[in-house]
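J.: One structure, as structure tokens, below. Some questions next.
The values are calculated or read from the model by the stated rules, or taken from the named source; none is laboratory data. Remember, predicted model here, so these are calculated numbers, not experimental data. Heads up, the Cβs are rebuilt from the backbone with ideal geometry, glycines too, and the neighbour counts pull from every protein chain shown. What goes into the accessible areas is simple: the full protein's heavy atoms, side chains included, and nothing from ligands, DNA or RNA. Shrake-Rupley method; radii C 1.70, N 1.55, O 1.52, S 1.80 Å.
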Amino acid sequence: MPRHPKKPRRLVADGRTFLWTLRHGHRTADDGRSTDCRQTLTLYPQPAGTGGPLRIVFAEGPGRYVPGGFPLGSGDVGHTRGGSLNLHAPGAVRALLDAASARGWRPGRAPAVEVDGWPLLAAAVARTGTPPERAPEG
């Protein structure tokens with residue numbers, strides 16, 4: 001039976017347990033098009049109450065792609081001329097957690113913390129060994 005896409009997944013890193021979710025969001029423009037797309041990866045320290053969640057946000061912008069599905073995967077984020085990650089992959093989530101920790105995030109702190117994911121991308125890609133790819137144009 002396949003995993004329910006909205007059910008939190010479990011990640012153990014350096015003796016700590018986290019639950020994590022990935023959500024795609026956007027707003028709808030007046031003409032009906034989706035705009036301001038973003039992927040939000042949220043890691044919840046466990047057990048509950050041992051610190052606020054870490055939200056890593058990848059917002060679309062020039063030279064970046066944050067698709068919501070076809071033709072790219074729903075969890076893909078990256079630079080059009082550079083590295084990319086599939087945020088559904090536990091290894092990518094662990095690499096982003098490590099990159100955020102290297103920049104000073106600590107899981108025992110409260111409240112929730114939201115960080116821009118783009119400055120973390122290069123370090124996470126290097127850790128996963130994902131080769132740089134180029135997103136389809138058009």
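J.: Kindly indicate whether THR40 is surrounded by fewer than 17 Cβ atoms within 10 Å (Cβ to Cβ) and not in a loop (DSSP other than H, G, I, E, B). Walk me through how you get there before you give the answer.
T.: Values: surrounded by fewer than 17 Cβ atoms within 10 Å (Cβ to Cβ): no; not in a loop (DSSP other than H, G, I, E, B): yes.
Here the answer is no, as THR40 does not meet what is asked.
J.: Any idea how many residues of region 43-67 are within 17 Å of GLY78 (Cα to Cα), touching a residue at least 40 places away in the same chain (Cβ under 8 Å) and open to solvent by 50 Å² or more (accessible area, probe 1.4 Å)?
T.: Residues flagged as within 17 Å of GLY78 (Cα to Cα), touching a residue at least 40 places away in the same chain (Cβ under 8 Å) and open to solvent by 50 Å² or more (accessible area, probe 1.4 Å) within region 43-67 amount to 1.
J.: Continuing with the same structure: Looking only at region 12-35, count every residue that is hydroxyl-bearing (Ser, Thr, Tyr), modelled with pLDDT of 85 or more and open to solvent by 30 Å² or more (accessible area, probe 1.4 Å) and tell me the total.
T.: Step one: list which residues in region 12-35 are hydroxyl-bearing (Ser, Thr, Tyr), which gives 17, 21, 28, 34-35.
Next, only the ones that are modelled with pLDDT of 85 or more stay: 17, 21.
Right, trim to open to solvent by 30 Å² or more (accessible area, probe 1.4 Å) and you get 17.
Going through region 12-35 one residue at a time, the tally reaches 1.
J.: Considering only region 91-118, state which residues are in a loop (DSSP other than H, G, I, E, B) and over 10 Å from the mean Cα position of the chain (by Cα).
T.: Keep residues of region 91-118 that are in a loop (DSSP other than H, G, I, E, B), which gives 103-112, 117.
Matches in region 91-118: ARG103, GLY104, TRP105, ARG106, PRO107, GLY108, ARG109, ALA110, PRO111, ALA112.
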